[in-house]
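Step one of this worksheet: look at the structure below.
The values are calculated or read from the model by the stated rules, or taken from the named source; none is laboratory data. Note that the structure is a prediction, hence the values are computed from the model and not measured. Heads up, the Cβs are rebuilt from the backbone with ideal geometry, glycines too, and the neighbour counts pull from every protein chain shown. Accessible surface is based on the protein model in full, side chains and every heavy atom, while ligands, DNA and RNA are left aside. Shrake-Rupley method; radii C 1.70, N 1.55, O 1.52, S 1.80 Å.
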Amino acid sequence: MRPPARASRSRSAAAAAGALLALAALFAAARPAAAATLVVSVQTPDGHALPGAVVTVRPLEGSPRHAAPVHVVMDQVNRSFAPDLLVIPVGSTVEFPNSDSVSHQIYSFSSAKRFQLPLYRGKPYPPVHFDQPGVITLGCNIHDEMLAYLLVTDAPWYGRTSEGGSWSAEVPHGHYRVELWHPRLRDNEVDLRRELTVADADRAELTLRLSRPPQPAPLTDRPHSWDY
Amino acid sequence: MERRLYRLALRLILLAVAGASRATDWELSLDTRLVTSDAYPSFMDGGLGAVRFGSDDSGLRLGRARLAVTQPLGELFSAHLDASVFDDKDRSALGVTEAYLFFRPYPRAGYRFRLKAGGFYPPVSLENRSAGWESPYTLSYSAIDSWLAVEVRTIGLEGQLEWLGTRTGHAFDLGVTGGVFGWNDRAGVMVASNGFVLTDRQTPLFGRLGQPGVKPLNGAEPFMEIDHRAGAYAGLEARYLDRAVLRVLRYDNRADPTQADTVSHVLAWETRFTSAGLRVEADHGWTAIVQWLGGDTTIAPQSMTLNWPFQAQFALLSKRFGRNTLSARYDRFAVQTNAPEFYGAQDGHAWTAAYLFDLDAHWRFALECVRVVSSSVNREEQGGPPLATETQWQLAIRYALGSAIR
C-alpha cells in the first residue's frame, strides 16, 4: 500500500507548505517584508532644523487607510493651552480640562469643528469628538491671548518633527504624498507638499527646505496679568 | 407658611452669594511709596508741579490701595469694578476709576465683537496694560497717559469689531472701535490750566481736580455733562502676531464751548485729539513704545474764543530679564494758546528711569526717578521761575492678593 503512503506524504507536505504560507502571510500582515523607514527632515531657508512641524503621509495607491482614533488631553495651565498643538486622527476625542484658578471659555470657529465650552474651571465637560479632517484653531473668549491648534488628519501616518527637525515612520513600499503643516509656516500649501516613491531600499529620505522663514514664535515670557 | 417662604428666600440668597463668590475674580493691592522730591506742589494741592509728589510730600506716601472685582453675569456678560484710594485730597478717600458691563459674544467666522457700557478708558494707551490701568514699565505714566488718567474717561458705550487674521492663518489682526459718551465736558481744564504732568493718580469717576477755592483748578470735576451733547471717538487697531500693535484714535467730546453748567456756572470745554502709537515687543523681553497725541481744547465765554492746542509724545524702551524690568522713557509736551498773556502755555520734556522687581506674584519692588524740565507761563505768574527742573524719586513696595494671584 505504498501509493497511499506516498499520497499521505504528499498531503502532509502540502499541509506543511500551506502552514508556511499562512505564517508568511501572517508575518507579512504584521510587518510587510517590502517596507522601509521613511525619514522626513524639515529645514528653514538658512538650513536650520525646524522642530514641531506636522508631517502627514498618505499612500497614493491601494485602498485608503486611516490611523486609529485616539483620546488625548489638552490642558489649560497659566492661561495657556498645554500642549498648544495636537495632531489627531479623524474620529478622535479631546478633553479640555482647566487647571487654572481662573475660568476659561474655549471656542473654535474653524469649519472642521465649531464648538464652545462655556465658562468653566476643572473638568465639567465630556471630551469633544473630532470627525472631520482639518485645522482647528482654539481660543479662550476671556483671555484673548490664548491660542492652540488641533490638526485632525485622515492620513495613516503622521507626527511632528523632533528637536533635530526630523520625523520617521515605517511604511510599505509604495507611492506617497508627504505634507507639512505648522501654524507659523508662510510657504504656500503646494510648496509644502511632496510626492515620493519608497521602493527597493529599507530607508527613504526626504528633506524639505522652506523657501520662507517661519513667523516668529509666540512670546512666552510675558506676565499673564497683562492686558494684551 | 410665611416663615417657610422667608427661609427659602434666605437659602436661595445664600446659594446665589456662594455661587457668585466662586465665580468672582477679585484683586486687592496696597502700594506704598517712599518719596523724595524737589517739585512744586502737585495739582491736587493747588500747585503747578509737573509730578505727582511735591517737595512737601517727601516721606512715606500711599501710592494706591486698590480693590478690583470681575463678576461673570451668565455666559457672555461680566461686570467690572475698579476702586482705589490714592490719597486723602479728593472729595472722598475711596473712588471708582472704572466700572462697566462687558458683553463678549463668541467670535464667529473670524470676527470678534465686544461691547462695553459704563465708565472706562478709551483705547489709547499702549503703556498702561497692567491690572488697574497701570504701567508694567514705570510707576509714573507718560505725559499722555497721565493726562488721560486725570481727566479723560468714556462714560458711555464702546463697541469693537475685530478681524482675527491670526486665527485664520494670517499674520495680522485688524480692529475698529467706536465710542459714544457723555459726562466728559470738562476734559481740557487740566491741560489748559496746569499743562501736562507725569503722575499715576487716576481721577475717580466722581472725583475732582485740585481743591475748592484754590486756583487754578478750583476743585474742577472733569466728569460732568453740561451741554447734553454726546461725544464720540473712532479708532483703528492693527496687530502683527503678538509682537506689534498700532493704534490710532480720533476723539471729540463735542462739547459746546459756549455752554456753562446751570448750577455751578463752570464752562464746557470742547476737547478734540488724535492719538497714534506703536508698541513692538521682541524676544528676550524687549519692548519699545512710541506714542503721539495732538489736539486742542476750547472755551467760548461771552463771545470770546480761547483755544489751547496741545501735543505730547513719548518713546519708551524696556528690557525684562527674569523678574527684573528696566525701563527708560523720554516725554515731550507742549501747550500753546491764544489766551491773554499766554495763560496756560507750557513747554517741556521729561526723562523717566525705572527698575521694577517682581519678587513673586504678590510682592513688587520699584525704584523710579522722574526729571521734568519745563517752562510754564502760569508758574511764572505765581512767582515761580519761567524754566524749572523738578526731580522726583520713588521707592515703591506693592503687595497684591486675589483669586488669580498664586
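Summary table below
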item	result
Accessible-area order (highest first, 1.4 angstrom probe) of the listed residues B:341, B:270	B:341, B:270
Calculated from backbone phi, Karplus (6.51, -1.76, 1.60) coupling profile of region B:133-147 in Hz, x at Gly/Pro	6, 9, 8, x, 9, 9, 7, 7, 7, 4, 4, 4, 6, 5, 4
Residue-by-residue Karplus 3J(HN,Hα) for region B:365-372, coefficients 6.51, -1.76, 1.60, Hz, glycine and proline x	10, 8, 10, 9, 10, 10, 10, 10
Two-site FRET efficiency, residue A:190 against residue B:323, from Cβ-Cβ distance with R₀ of 56 Å, rounded to 0.05	0.75
Pairwise centroid distance, computed over Cα atoms, of region B:101-166 with region B:279-330, Å	16 Å
Partners for residue A:113 among aspartates and glutamates (Cα-Cα distance below 13 Å; same-chain residues under 8 apart left out)	A:131
Loop-located trypsin sites (Lys or Arg not before Pro) in region A:128-192, at most 16 other Cβ atoms within 10 Å (DSSP)	A:184, A:186
Solvent exposure ordering (accessible area, 1.4 Å, most first) of A:120, B:100	B:100, A:120
0 to 90° range, to nearest 10: angle between helix A:2-30 axis and chain A longest Cα axis	10 degrees
Shielding of B:102-109 by partner chains, average beta-carbon count, 10 Å	4
Relative counts (whole %) of C-alpha pair distances in chain A, using bins that are 10 Å wide	7, 25, 27, 19, 10, 6, 4, 2, 1, 0
Neighbouring partner chain Cβ atoms per residue of A:101-110, average, 10 Å criterion	4
9 Å beta-carbon shell around residue B:397, net charge (K/R +1, D/E -1)	+2
For residue B:141, distant residues with modelled amide H under 5 Å away	B:199, B:200
Spatial separation of Cα centroids for region A:160-214 and region B:209-232, in angstrom	67 Å
Eligible lysines near residue B:89 by straight Cα distance, threshold 28 Å, same-chain separation 8 or greater	B:215
³J(HN,Hα) computed for each position of region B:97-113 - Karplus, 6.51 cos²θ - 1.76 cosθ + 1.60, integer Hz, glycine/proline x	8, 9, 8, 7, 9, 10, 10, 9, x, 5, x, 9, 6, x, 10, 10, 10
Prolate/oblate/rounded call for chain B, Cα gyration tensor, a/c under 1.5 rounded	rounded
Anchor residue B:116: lysines whose Cα lies under 29 Å away (excluding residues fewer than 8 positions away in-chain)	none
Per-peptide average of other Cβ atoms within 10 Å, ordering B:51-61, A:149-159, B:144-154 highest first	B:144-154, A:149-159, B:51-61
Other protein chain Cβ atoms within 10 Å, averaged over every residue that makes up B:136-142	1
Loop-located chymotrypsin sites (Phe, Trp or Tyr not before Pro) in region B:301-360 whose Cβ has at most 16 other Cβ within 10 Å (DSSP)	B:343
Sparse-neighbourhood loop sites, GluC sites (Glu not before Pro) in region A:137-188 - DSSP loop, at most 11 other Cβ within 10 angstrom	A:163
FRET E, pair residue A:175, residue A:77, Förster distance 41 Å, beta-carbon r, rounded to 0.05	0.45
Among B:49, B:231, B:159, residue whose mean-square fluctuation peaks in a GNM of chain B (springs only between Cα atoms under 10 Å)	B:159
C-alpha long axis of helix B:2-23 to longest principal axis of chain B, angle in °	60 degrees
Dipole magnitude of chain B about its Cα centre (Cβ charges: Lys, Arg +1; Asp, Glu -1), debye to nearest 20	1560 debye
For region B:117-183: Kirkwood Rh in Å [reciprocal of mean 1/r, alpha carbons]	13.7 Å
Å³ per residue enclosed by the Cα convex hull of region A:164-222	109 Å³
Heavy-atom accessible area ranking, 1.4 Å probe, most first, across A:121, B:364	A:121, B:364
Rounded, prolate or oblate (a/c below 1.5 giving rounded, otherwise prolate when a/b exceeds b/c) for region A:47-107 by Cα gyration tensor	oblate
Cut-off 14 Å between beta-carbons: net charge of the residues surrounding residue B:157, Lys and Arg +1, Asp and Glu -1	+2
